[in-house]
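The values are calculated or read from the model by the stated rules, or taken from the named source; none is laboratory data. If you're wondering where the values come from, they're calculated on a predicted model, not measured in any experiment. Cβ atoms come from the backbone with ideal geometry, glycine included; neighbour counts cover every protein chain shown. These area figures cover heavy atoms from the full protein model, side chains too; ligands, DNA and RNA do not enter into them. Shrake-Rupley method; radii C 1.70, N 1.55, O 1.52, S 1.80 Å.
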Amino acid sequence: MRVFPRGPGRPALRAWIRWTAGFLAFPVAGLAGRAAAGPVDDATSALVGGVVTGAVIGAGQALVSSGRLSVPRWSAATAAGGGLGLLLGAALAGHRTDLGSLALMGAVEGVLLGAAQARALPPAARPPWLWAAAMPVLWAAGWTVTTLAGVGVDARFTVFGATGALAFSALSGVLLHRLLPPTAPGRATGSNPLREVGT
């Protein structure tokens with residue numbers, strides 16, 4: 001005998017675990033951004049480092065999204081939003097690394113990042129503005145968790161550390177499920193899985 005109520009929860013849980021495990025892309029992205037631009041201490045390093053970091057994070061998130069996000073679209077949007085967001089956020093925070101300044105920087109970056117990513121969500125997302133609205137809060141939370149965990153934020157990395165990334169990924173994974181539930185087994189019949197999500 002099959003217990004049907006348990007079925008739908010399993011794809012959702014697996015998708016959330018995969019997305020949360022994608023937090024590993026953040027430290028890799030931070031190292032890539034630092035290698036490309038050095039510490040974030042001026043406009044050039046913020047822009048270049050943010051673009052490189054965003055591209056890596058976006059590609060990593062799309063790859064663990066269970067087919068819900070387009071790798072090129074999401075990576076490009078995250079690179080653009082991350083670069084411009086870090087440029088503006090770091091400038092407004094005066095490139096300082098105290099908790100308040102990093103939270104401000106994260107919130108500002110989250111505004112531009114969220115707007116760019118919301119436009120890269122597939123048409124099935126409902127409603128995409130929720131993602132844009134959540135990113136300033138979640139990006140600021142990522143920097144806050146990292147700072148409180150005692151990570152060396154004075155090094156001026158382009159993105160928060162693994163502890164903040166884990167918190168960010170776990171929370172944003174819940175939101176992604178709200179906007180784009182994973183396709184249940186046997187439901188996708190077309191060649192484009194993004195068009196089938198949420199049907």
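Residue by residue, segment 136-142 carries 3J(HN,Hα) couplings of x, 5, 6, 5, 5, 5, x Hz when phi is fed to the Karplus relation 6.51 cos²θ - 1.76 cosθ + 1.60 (θ = phi - 60°); x denotes Gly or Pro.
Evaluating kT/(6 pi eta Rh) at 20 °C and 1.002 mPa s, with the Kirkwood radius of the chain over Cα pairs in the Stokes-Einstein relation, gives 128 µm² s⁻¹.
Just the number please: accessible area per residue for the chain, 1.4 Å probe, all protein chains included, in Å². Provide the component values of the computation, followed by the final result.
On the way: 9280 Å² over 199 residues.
Here the per-residue accessible area is 47 Å².
The C-alpha atoms of the chain define a longest principal axis, and helix 162-179 lies at about 40 degrees to it. Of the accessible area of the chain, with the probe set at 1.4 angstrom, what percent is carbon plus sulfur? Summing carbon and sulfur atoms, their accessible area is 69 percent of the total for the chain. The residues packed around Ala103, meaning those with a beta-carbon under 14 Å from its beta-carbon, carry a net charge of -1 if Lys and Arg are +1 and Asp and Glu are -1. Over all projection directions, the Cα-based convex hull of segment 38-115 averages an area of 4.9 nm².
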